[in-house]
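The values are calculated or read from the model by the stated rules, or taken from the named source; none is laboratory data. Quick caveat, the model's predicted, so the values are computed rather than measured. Cβ placement follows ideal geometry from the backbone for every residue including glycine, while neighbour counts extend to all protein chains displayed.
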Amino acid sequence: MSQHPTTPGAVQALPGHPFVAYHGAELQVEDVRLSRLAGEHGTPLFVYSKTSMLAALAAYQRGFAGRHAQICYAMKANSSLGVLQVFATAGCGFDIVSGGELERVLAAGGDAAKIIFSGVGKTRGEMRQALQAGIGCFNVESEAELDVLSEVAESLALRAPVSIRVNPNVDPKTHPYISTGLKDNKFGVAHEDTLRIYQYAASLKGLQVVGIDCHIGSQITDATPYLDAMDRVLDLVTSIEASGIALAHIDFGGGLGINYNNDTPPAADALWAQLLRKLDERGFGQKKLMIEPGRSLVGNAGVCVTEVLYVKPGEHKNFCIIDAAMNDLPRPAMYQAFHAIVPLLAEPTTAPNTPEARYDVVGPICESGDWIGRDRTLAVKAGDHLAVLSTGAYCMSMSSNYNTRGRAVELLVDGAQVHVIRERESAADQMRLERLVTL
């Protein structure tokens, strides 16, 4: 069955990508033809749909209607300033994991008071930077971190607002590299140690305990792990407050998955309807809620446009060699992740009878791990353009300059408007901070 429309003028959205669609034979993001953008800006090229991001955010906002809640975009998913600006303008807070991310949020117009600082290895300098900026909360991940943060805050004559990240030992049923809520993961404090550590935190002069935090992983497609984790966290809230420590907010993290390959995660509003029912049943419906979605807001808003450089037949494998590589799209090499790959033109205007074949889609980097898709059926020739889907999250933010390859152009599409939010990086840009020496 064809995945592309054959009727002239027909519009067919791609599954899981309502704002990426074939209009007749041409693939578009919102109202803009990707073939036009490839011609104007070259490839590889990242294109993001603003409408898609805001539609994903709206699902969370519907889920929290009438509740005291704060949505903080987990910016490690995509930290480009133009993307951050979209969420800052929409009123979001931000979940950060470094001092550099703090600087990006502030540069994009984000509100420091709506920033949550997560991560297991905050430095003293980063703590000082965040305290001076006036961030909303630190998610603390170890007893040792409590000591250091209290010391830094006291040196500034401040009290650091903290919640403690709890590791509930719940299996999120996702890739082991992006699972964060099991005992063997490096994140958070052990469930059985939590009450003692809260009592210790409350005794430190430089800290103000304000909440509790839990985040069990990423690309979660089943509601059950969330419900299990919520039960375990609410048990802790009961015991912590019974000990005399009031908690102003409960932070349930993020991690909701997207549709990469016929995945069926619950819609954000449907998931939160279930979670809020449990919260109400347990008597905590009046608490302020904090969440940190990342991938689910931006993942399916992005596509990477790439050109076919060569088609290389082989005895056992055929290779489709493209100009995007593992430095642009690291997820397949890191996680064996799947990204759908589709043509920009459903009906090629040249060589329309190009035969279909099975290809490994690979990049030009000198690594066997430089692959983007395995065993894909494509009808391609050199010079054709392809779109790698679901590349709004953990692609540009994890990109590198390996093989001295410049990072790609990024565009934000808003209806028929196109905004350049990152220019293509040159070799000179990469070498700007380097110095030759006298030998």
Elements of type strands (runs of 3 or more DSSP E) in segment 83-168, at least 1 residues being hydroxyl-bearing (S, T, Y): 160-167
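Quick grid of which residues meet (1) of a type in the set (A, V, I, L, M); (2) buried (at least 17 other Cβ atoms within 10 Å of the Cβ); (3) within 14 Å of the chain's Cα centre (by Cα):
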residue	(1), (2), (3)
G255	no, yes, yes
T264	no, no, no
A268	yes, yes, no
E281	no, no, no
F284	no, yes, no
S296	no, yes, yes
V308	yes, yes, no
Residues to consider are V311, V305; find the one that is assigned by TED's automatic domain parsing to the domain that holds K381, part of a strand (DSSP E or B) and more than 25 Å from M75 (Cα to Cα). V311
The number of residues in segment 12-67 that are in a strand (DSSP E or B), surrounded by fewer than 15 Cβ atoms within 10 Å (Cβ to Cβ) and among the aliphatic types (A, V, I, L, M) is 1
The conditions are (1) surrounded by fewer than 19 Cβ atoms within 10 Å (Cβ to Cβ); (2) under 21 Å from F46 (Cα atoms), and L329 fails exactly one of them. Which is it? (1)
Looking at (1) under 23 Å from the mean Cα position of the chain (by Cα); (2) farther than 30 Å from C72 by Cα, can you tell me which one A357 breaks? (1)
Test of understanding: among D95, D111, which residue is among the charged types (D, E, K, R) and either under 18 Å from the mean Cα position of the chain (by Cα) or not assigned by TED's automatic domain parsing to the domain that holds V166 (or both)? D95
Confirm whether K317 is in contact with a Phe, Trp or Tyr (Cβ under 9 Å, 6 or more places away or on another chain), among the basic types (K, R) and surrounded by fewer than 21 Cβ atoms within 10 Å (Cβ to Cβ). yes
